[in-house]
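**Q** Below is one structure. I have some questions about it.
The values are calculated or read from the model by the stated rules, or taken from the named source; none is laboratory data. This structure is a prediction, so every number in the text was calculated from the model and none was measured. Cβ placement follows ideal geometry from the backbone for every residue including glycine, while neighbour counts extend to all protein chains displayed. Please note that ligands, DNA and RNA were not included when accessible areas were found on the heavy atoms of the full protein model with its side chains. Shrake-Rupley method; radii C 1.70, N 1.55, O 1.52, S 1.80 Å.
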Amino acid sequence: MDSSMYYGNDYKTIPMTSRKRNEGREVTPDVYLYTVQFVNLYMIGDIVSGDFVLVDAGTPNRSEDIIAAVEDRFGKNSRPKAIILTHGHFDHVGSVIELVNHWDVPVYAHELELPYLTGKESYPTGDSTVEGGLIAKMSAAFPVEPINLASHIHSLPADRTVPHLPDFKWIHVPGHTPGQVALFREKDRLLIAADAFVLKNG
Ligand SMILES: [Zn+2]
């Protein structure tokens, strides 16, 4: 247990769920989408070799569900080579500290997202007046304070490669957060866009 890591003071379990919670499906044979409460995370890697990476870390207090889903897919005591964060919002980093403590693996994010992952900067409070259904209406109550992953968080490589995923490149898609990234694989045009719903060139 590394006590230098901590969540923000507004960290809390979010009492909501969706119909798809704790369900998964293969997007391709090596890309598995798993839904935690109302957000998706991805396990990317070959189930035969057991080498894989976790993309994003779910909502608060869901590490047991995530570890169980990983072990269901890759076998007992399996662990990812790394955790890649698309960005630092609470519903993408919600269980990351428990996962790092359990697996002892490095975490990567875009360098512009690091202030939110090292305890330095809070996100703006959610704008609950925006139309967009229940999640938008609840967003004023969502955690915005930064978590601190201390020495466990690293910048994604500047050459846009993704650690342990040689076929992927990361793409900087700021707007939703300053350092959000999408992950793109050229050979099958697979794009993991996280919360970047609208993409434009430039
Ligand atoms: Zn987000």
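**Q** Mind listing the phi-derived Karplus ³J(HN,Hα) values for the stretch 185-193, rounded to whole Hz, using 6.51, -1.76 and 1.60 with θ = phi - 60°, and x for any glycine or proline?
**A** 10, 4, 4, 10, 6, 7, 10, 9, 9
**Q** Using 32 Å as the Cα-Cα cut-off, could you pick out the over-long pairs in LYS81/LYS120; LYS120/LYS187; LYS12/LYS187?
**A** LYS120/LYS187; LYS12/LYS187
**Q** Pop out the carbon and sulfur fraction of the accessible area of the chain as a percent, whole number, probe 1.4 Å. Mind dumping the intermediate values first?
**A** Details: 5250 of 10140 Å².
Heavy-atom surface of the chain belonging to carbon and sulfur, 1.4 Å probe: 52 percent.
**Q** Something else: Please compute the per residue accessible area over the stretch 85-194 with all protein chains in place, 1.4 Å probe, rounded to a whole number of Å². Let's see the in-between values first.
**A** Details: 5000 Å² over 110 residues.
Solvent-accessible surface per residue comes out at 45 Å².
**Q** Assign unit charges at the C-beta atoms only (+1 for Lys and Arg, -1 for Asp and Glu), then state the dipole size of the chain relative to its Cα centre in Debye, rounded to the nearest 20. Don't skip to the end; give the middle numbers.
**A** On the way: 18 positive and 26 negative charges, 70 e Å.
The calculation lands at about 340 debye.
**Q** Continuing with the same structure: Mind listing the long-range amide H neighbours of ASN40? Cut-off is under 5 Å, sequence gap 5 or more, other chains count too, H placed in the peptide plane at 1.01 Å from N.
**A** none
**Q** Got a sec to turn the phi values of the stretch 59-75 into Karplus ³J(HN,Hα) couplings, 6.51 cos²θ - 1.76 cosθ + 1.60 with θ = phi - 60°, whole Hz, x for Gly and Pro?
**A** These are the phi-based 3J(HN,Hα) values: 8, x, 6, 10, 4, 5, 4, 5, 4, 5, 5, 4, 6, 4, 8, 10, x Hz.
**Q** Further question: Determine the percent antiparallel among the DSSP beta bridges restricted to the chain, to the nearest 5. Before the final figure, lay out the partial values.
**A** Details: 27 of 34 bridges.
In the chain, DSSP labels about 80 percent of beta bridges as antiparallel.
**Q** Near the amide H of PHE52, under 5 Å away, which other amide H atoms are found, from residues 5 or more places off or on another chain, if H is placed in the peptide plane?
**A** Under 5 Å from the amide H of PHE52: LYS81.
**Q** Right, here's the next one. Report, by chain and number, residues whose modeled amide H sits under 5 Å from the one on GLN180, excluding near sequence neighbours (fewer than 5 apart, same chain).
**A** VAL173, GLY175
**Q** Give me a comma-separated list of calculated 3J(HN,Hα) values for the stretch 82-90, in order, Karplus coefficients 6.51, -1.76, 1.60 applied at θ = phi - 60°, integers in Hz, x for any Gly or Pro.
**A** Along the stretch 82-90, the couplings run 6, 10, 9, 9, 5, 6, x, 4, 4 Hz.
**Q** Over all directions, the average projected area of the alpha-carbon convex hull for the stretch 26-118 comes to how many nm²? Can you show the working numbers first?
**A** On the way: hull surface 22.4 nm².
Seen from a random direction, the Cα hull of the stretch 26-118 projects 5.6 nm² on average.
**Q** Over all directions, what mean area does the Cα convex hull of the stretch 70-197 project, stated in square nanometres?
**A** Values: hull surface 35.8 nm².
Quarter of the Cα hull surface area: 9.0 nm².
**Q** What is the stretch 1-75's relative contact order, in percent, from Cα pairs under 8 angstrom and six or more apart in sequence? It would help to have the intermediate numbers written out before the result.
**A** Working: 97 pairs, mean separation 16.8, N = 75.
Normalised by residue count, the contact order of the stretch 1-75 is 22 percent.
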